[in-house]
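Bear in mind these aren't lab numbers, they're just calculated from the coordinates by the rules spelled out. Owing to the predicted nature of the structure, the values given are computational and were not obtained by experimental measurement. Note that each Cβ is placed from the backbone with ideal geometry, even for glycine, and that neighbours are counted across all protein chains shown.
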Amino acid sequence: MKLSWLRIEMPTLAGAVITLAILIALQILFGEVRLRGDFTEDRIYTLSDGTRNMVADLQRDVTLKLFFTDGAQVPVALKQYANRVADLLREYVTHSGGRISFEMLDPQPDSDEEEWAQRYGLSGQSLGMMGMGPNLYFGLVGVSGARDGAIPFLSPEAEPQLEYLVTRLIAAVTRTDTPRLGVLSALPIMGSPRNPYGMPVGDESPPWAIVDELEKQYELVRVDPGADSLPGRLDALLIVHPRDIEEDMLFAIDQYLLGGGRVVAFIDPLCISDEQSGSSPFGGAMPGASDLERLASAWGVRLQPGRVAADLQASSQVSFGTQGSERMPTWLSLRPANLNTEDMATGTLDSLMMPFAGAFEGEPAEGLSLVELVYTSSEAKLTDAFLAAQAGVDKMRSATSAGKLPLAVRLQGRFPTAFPNGPPAAATNETAGAKYLSEATADGAAVLVADVDMLANRFSLSEMNFFGQSVFQPVNDNLNFAINLVEQMTGNDALIGLRSRGTFDRPFHRVIELERQAQERWQAEEIKLTERLQQAQARLNELQRNKDADQQYILSPEQKREIDNFREQRFETQRQLKEVRKNLRADIERLGLTLKAVNMGLVPALVAIFGIVHGVLRRSRSN
């Protein structure tokens, strides 16, 4: 018996050892290979094409350091989000061709990791009551050579923007220079121009707040609207109210876009910030208008001339001084319903204010794609720009229904030239003799916004006096909108048009629909009950009025019957309400049991069936 046992078991033991050795070898060989499949509806776990192209073309090594404090006090949902972030960062590593490395660090209290997190400027959030607990660090640091940058805290609410934030971080730390932004405007948004000795020319005025903010991140280059060329090496061009712009400059902008340039243009059919026109917000001379008609018409999209968008659903309360105030449909207060929540330039904004904005029309030319960033409701109208700022109803007498109107659009692709016959006839000898492009040599991008006033301080900021100092507080997201646009245009191509990663919250639509149907039935039963109560009470009141004065405090037989009837009706209606709620729970529980049966029973059953079929086939082959 013992020898028989040895003959049976020794081959089995050897097979087990061989199998274990094979598994260890496979683990060593393929342990770092990541096989993934993204079957979500919006492919929310897959990097966009632009991001993959960017990381594949990196010329510098980047280290991504994810700081996350792990521990028992950290909510489970936050740990799950941290795992998703780490998984996304590993996707960057996979597509970078070895240029990106990833480290996950746990900055526990008083550790070296916590000290590094603080050095990088990460924000620690207290986990205890009254701020007494240990700090939670959850931020991302990018390091490339001597340059580093950080996302101080990775909020789960910003998960749809996560890819954009990480891609922007990588683009920032791999840059070797400060982006150059050209600024062209007929308004003094950069403050008073100065002579070679640093003295202001004319009346001195400070720069607009938007310029102060941009100067913190970019090298700003002033562009004269009357010049015949653009400065060299511009990463992007910001145009604000190009009133009376010269043909030579339009030609220079055209050539810049054909060569793959990026432009952000704020134009306006009714610019009340244009003081040189002698305008006032309400009445007076006709405020200045601006457009890029020569260029935009070649792109297939144009600002509707002399017309202003009016939308009752986005109207604002505006004061006319001594004339009182009114809600003006031509003074737009725009909310998330009016913003493209899938685009990174507008997806994180809450509100925009656009006084007397214009609207765009047309279809993009061949080779260009168009994305609407800001728009009115579907009930908008167009009214005359001359009357749009007037008090009273006159401004709407000429209004015509227009439906949903785009207020800001982005064009991207190969731009057609607006000068097919070459430089304009009035071009200088230098411009006319220079070599020019007749067609695009690279993809360009241009954002057109149909309002200029939204950038002015008085329409975007509130001034407060703080111990004798003027402090400005944003009252809307106007400046954030402009900064987002410039950031996209001066960054890597992957940042332009990068979409939201969709929603990670997948609701149970069937359950929601069951609850909605039950709620409708419940509300209907409640309405019936209320009506019966009112009818019974009215009947009781009528019986009470018909009684003699000496019987007011004695229940009559009719009242007793009505009260009994009322109680019976109320009991029956409440029973029906309980039945509705019970059926709702039963339907949801039935659906839940079905899902559990599928998850717990179907998959094991399929595995068992596969095993049986495989065993039968193997036995049949051996026979």
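Counting Lys +1, Arg +1, Asp -1, Glu -1, what net charge surrounds VAL183 among other residues with beta carbon under 12 Å of its beta carbon? Mind showing how you got there, number by number?
Values: positive: ARG180, ARG222; negative: GLU215, GLU219, ASP224.
In short, -1.
Working only with C-alpha atoms, what are the Rg and Dmax values of the range 49-173, expressed in angstrom?
When restricted to the Cα atoms of the range 49-173, Rg and Dmax are 14.6, 48 Å.
Mind checking which of ALA117, GLN73, ASN135 is farthest towards the positive end of the range 49-173's charge dipole, using Cβ charges of +1 (Lys, Arg) and -1 (Asp, Glu) about the Cα centre?
Selected residue: ALA117.
Order by neighbour count: VAL211, VAL613, fewest other Cβ atoms within 10 Å first, most last.
On the way: VAL211 19, VAL613 10.
Least crowded to most crowded, the residues run VAL613, VAL211.
When you count, for each residue, the other Cβ atoms within 10 Å and take the mean per peptide, how do 327-340, 149-162 rank with the highest first?
Working: 327-340: 20.8, 149-162: 17.4.
Top to bottom by mean Cβ count within 10 Å: 327-340, 149-162.
Tell me, what is the percent relative contact order of the range 49-173, built from C-alpha pairs under 8 Å that lie six or more residues apart?
On the way: 188 pairs, mean separation 35.8, N = 125.
Contact order relative to length: 29 percent.
Taking the beta-carbon count within 10 Å as an exposure proxy, list THR400, THR417 from fewest neighbours to most. Mind showing how you got there, number by number?
Numbers: THR400 10, THR417 19.
Exposure proxy ranking, most exposed first: THR400, THR417.
Starting at the first residue of the range 213-219, write each ³J(HN,Hα) from the Karplus equation 6.51 cos²θ - 1.76 cosθ + 1.60 with θ = phi - 60°, in whole Hz, x for Gly and Pro.
Per-residue couplings from phi come out as 5, 5, 5, 6, 10, 10, 8 Hz.
Taking neighbour Cβ counts within 10 Å as the exposure measure, how do ILE189, ILE496 sort from fewest upward?
Working: ILE189 25, ILE496 21.
Starting with the residue having the fewest Cβ neighbours, the order is ILE496, ILE189.
Using DSSP, restrict attention to beta bridges with both residues in the range 49-173 and report what percent are antiparallel, rounded to the nearest 5. All intermediate terms of the calculation are to be shown ahead of the outcome.
On the way: 14 of 20 bridges.
For the range 49-173, the DSSP antiparallel bridge percentage is about 70.
Enumerate the calculated ³J(HN,Hα) couplings along the range 295-304 in order (Karplus 6.51 cos²θ - 1.76 cosθ + 1.60, θ = phi - 60°), each rounded to whole Hz, writing x wherever the residue is Gly or Pro.
With coefficients 6.51, -1.76 and 1.60, one gets 7, 4, 5, 6, 7, x, 10, 9, 6, 5 Hz.
Name the long-range amide H neighbours of LEU332: under 5 Å, sequence gap of 5 or more, or other chain; modelled H, no Pro or chain starts.
MET354, PHE356, ALA357
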